[in-house]
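Here the structure comes first, spelled out in structure tokens, and everything after it is commentary.
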Amino acid sequence: MMTAGKQKGIEAIADEGGVIRAAAMDQRGSLRRALAEAKAVEPETIGDEVLVEFKSAVIQVLSPYASGVLLDTDYGLPATRARQEGVGLLLAYEQSGYDNTQP
């Protein structure tokens, strides 16, 4: 049996049909590497502010099409203000480190 709190949380991130259409922008290290590759620079040159700005821009553009957004607490908190009103919020609270660094 689902608790009332869980039901309320699911409803906050689901659309009117009960479908969760989440835009996930919780990447950290992999996003830094992807941006560095796109700019043909070393990942160390991509500052934290670039990740924050990128996540905010993505959420601003995609949140009108999503019922919820998934962000990380390291670089994604400012992007919570960029989401469209009424769009639910999920926060990843695990440490980064799931990146596959093997060739």
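The values are calculated or read from the model by the stated rules, or taken from the named source; none is laboratory data. From a predicted model like this one, the values you see are computed outputs, not experimental measurements. Because the Cβ atoms are built from the backbone with ideal geometry, glycine has one as well, and the counts that use them run over all protein chains shown.
Test each condition in (1) at pLDDT 95 or above; (2) among the charged types (D, E, K, R); (3) loosely packed, with under 14 Cβ neighbours inside 10 Å for K6 and report the one that comes out false.
All conditions are met except number (1).
Name the single residue that is nearest to D15 (Cα to Cα) among those in segment 81-97 being of a type in the set (A, V, I, L, M) and within 11 Å of the chain's Cα centre (by Cα). Quick ask: steps written out before the conclusion?
Here is the first cut: in segment 81-97, the residues of a type in the set (A, V, I, L, M) are 82, 87, 89-92.
If we keep only those that are within 11 Å of the chain's Cα centre (by Cα) too, we end up with 89-92.
Values: L89: 13, L90: 14, L91: 18, A92: 20 Å.
Taking the candidates together, the pick is L89.
One line per residue, one yes/no per condition, for (1) within 30 Å of Q7 (Cβ to Cβ); (2) touching a residue at least 60 places away in the same chain (Cβ under 8 Å); (3) crowded, with 18+ Cβ neighbours inside 10 Å; (4) under 12 Å from the mean Cα position of the chain (by Cα):
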residue	(1), (2), (3), (4)
A23	yes, no, yes, yes
Q27	yes, no, yes, yes
G47	no, no, no, no
A57	no, no, no, yes
P64	yes, no, no, no
Y75	no, no, yes, yes
A79	yes, no, yes, yes
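What number goes with the only condition from (1) β-branched (V, I, T); (2) at pLDDT below 95; (3) under 17 Å from Y93 (Cα atoms) that V52 does not pass?
Unmet for V52, out of (1) β-branched (V, I, T); (2) at pLDDT below 95; (3) under 17 Å from Y93 (Cα atoms): (2).
Report whether or not R32 is of a type outside the set (V, I, T) and either surrounded by 15 or more Cβ atoms within 10 Å (Cβ to Cβ) or over 16 Å from the mean Cα position of the chain (by Cα) (or both). Lay out the reasoning, then the answer.
Values: of a type outside the set (V, I, T): yes; either surrounded by 15 or more Cβ atoms within 10 Å (Cβ to Cβ) or over 16 Å from the mean Cα position of the chain (by Cα) (or both): yes.
Criteria met by R32.
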